[in-house]
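These notes concern the structure reproduced below.
What follows is calculated from the coordinates using simple rules that are stated; it is not laboratory data. Since we're looking at a predicted model, the values are computed, not measured. Reconstructed Cβ throughout: ideal geometry from the backbone, glycine too, with neighbour counts over all protein chains shown.
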Amino acid sequence: MIKKLDKDLINKIAAGEVVERPASVVKELMENSIDAQADQIILEIKTGGIDLIALQDNGLGMTPKDAQLAIESHATSKISSIDDLFNIQTLGFRGEALASISAVSQFSLETKRQDSNEGTKLQMINNKLKIESYGCPDGTKIIIKELFHNVPARKKFLKSANTEYNHILEIFTNFALINPQISFKLTHNNKLILNLPSSKDWLARIKQVLGTDIADNLIPLNTKGSINLTGYLGKPQIARNNRKSQFIFINNRAVTDFIIAKAVKEGYGSLISRELYPTFILNINLPPALVDVNVHPRKAEVKFKAPQEIYLAVLKETQKLLTNNISQQIKINSETPVKKFTLKPQRNSKYFRPSVSYQPPFKNIKSQPSQISQAIKFSQELLKDGFIDQSTIEKIGDWRLLGQIHKAYLLVEAPQGVLIIDQHAAAERILYEKFKNDYASQKIKSQKLLLPLTLELSSREVAVINQSLEFLQNLGFDIEIFGNNSFIINAVPQDLDKLDVKITILGLINDLEENDFKKIKSIDDQKDLVIKYTACRTAIKFNDKIDIKEQIKLLEDIRQIIDKINTCPHGRPFIMELTLDQLAKNFKRI
């Protein structure tokens, strides 16, 4: 039987789309505050926003009638016709947020207009509305307690408090970056996290939020036309291992957009390696009619009327800016023609190879003297650089080392065939087991840095460090908090002292953050993640040429563990065997 749903159930269903997690609530509330022309926004949260979200602004405020309408479904002051829907000038417009939020929380609202003598307090508790006159400052304050308390099935899908806090911090950061004219304050569990005074200088706000390391390495971008691009591109040296330092805004609205991110990355061309991502803050201003912001339940994505035009504009301006500001600074060897410098997409990178042209069958190839001499020369070089003089080497058990090939693999003759060993994966597993045992027995040693390193990090990176500080110190890092966004690195684990400390710390932050969003359930899992990272960074690399002693030592270590495990810490195999039977079969001997 078909029946009409009651209002409460409708709001709870709507909340499932609009209110995914505490960060979704924060986003909706901050949009409303900015639309209300606030120039001061204060956000207080507890337990990652699960227990409390309180947002206060000094915006226009509401009358008692508007306050009551604000929590009704599809009640809004921002659009009134279908034409308005395709010419959105505000951040919010649907009129769903407060109705959905109040349906799944203990909700209260305090508001006052400047031209009113008194304000209004509205409470929605257990679906019962209470409204009364109330003395409060100009603007609006919304308090949300016990999110999803009456929808336990939704609450169980929330992540850890740290993870939910990180999501809120990301949302808060986006609003703070694009609105330097507004002062923002954020506290979590009664601790001040960010206090950002208003500023007319966008770069000053970027420095407040993202830190000196990023702010001091940005190139300003400002183009005018049918599509206006403003913002900053990061120099290649601050490229990151993930996209967390990429900020895209469309008409001041933070969005996720693959087209724009790809255009910027392509614009860098060969200036950064393909596995890294450029840092950038980019605001694209275009007529509202050319972009649909109503294609995603949480307004996190947009749809362009002419996406190819946007892509080409961003790509062109990125290439132009980088060419003008960076190409002159690159030191080009006097023997290398300048024309070889390119910002074209990386089709010529080491990961791209043209297809091999067709070769006739072996029996039809006629050897020429020049070909024979070239083959002899090639063999001599191969023997000199890769394989070793067998008369100078002793066997490692029943293995006989043949040598290293392609600066990546070791070849070993074994009783039943040939072994091919991935030198990085094998070394990574060996170091991982060593570090894990050292940590368990508290044998990890620290190495003092000759000069302590000061790092000024983004608020997001600071959160990750703070959440991981205790066990990072137990792993041999001596990290000292120095100001709101600054840390001093005094010492690192002894095995890391030869690495670039700054890159190592940023890499650790990246790994911890990426995995925290996947909900690492225990401190032990986080420790294991750090140990894996340490092993990976200190292990022999894939393109390292290693001497005979190192090769022998690696094989001896492998033999100690090969009966128990044959994969790296990430699960990739580090050894492959070609048996005599397989070889005979491939050569048609059996």
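Data overview
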quantity	calculated
VAL462, VAL501, VAL314 arranged by Cβ crowding within 10 Å, fewest neighbours leading	VAL501, VAL462, VAL314
Distance violations [Cα-Cα > 19 Å] among LYS448/LYS498; LYS395/LYS549; LYS121/LYS141; LYS498/LYS527; LYS320/LYS502; LYS244/LYS320	LYS498/LYS527; LYS320/LYS502; LYS244/LYS320
Rg to Rh quotient for region 387-590, alpha carbon positions, Kirkwood Rh	1.07
Spin-label proximity, SER198 to region 114-134 - amide N less than 20 Å from point 7 Å beyond Cα toward beta carbon	114-116
Stretchable slack from ALA289 to LYS303, in nm (0.36 nm times residue separation minus alpha-carbon distance)	4.0 nm
Within straight-line cross-link reach of LYS564, aspartates and glutamates at Cα separation under 20 Å, skipping those fewer than 8 residues along the same chain	ASP398, ASP422, GLU428, GLU433, ASP438, ASP528, GLU556, GLU577
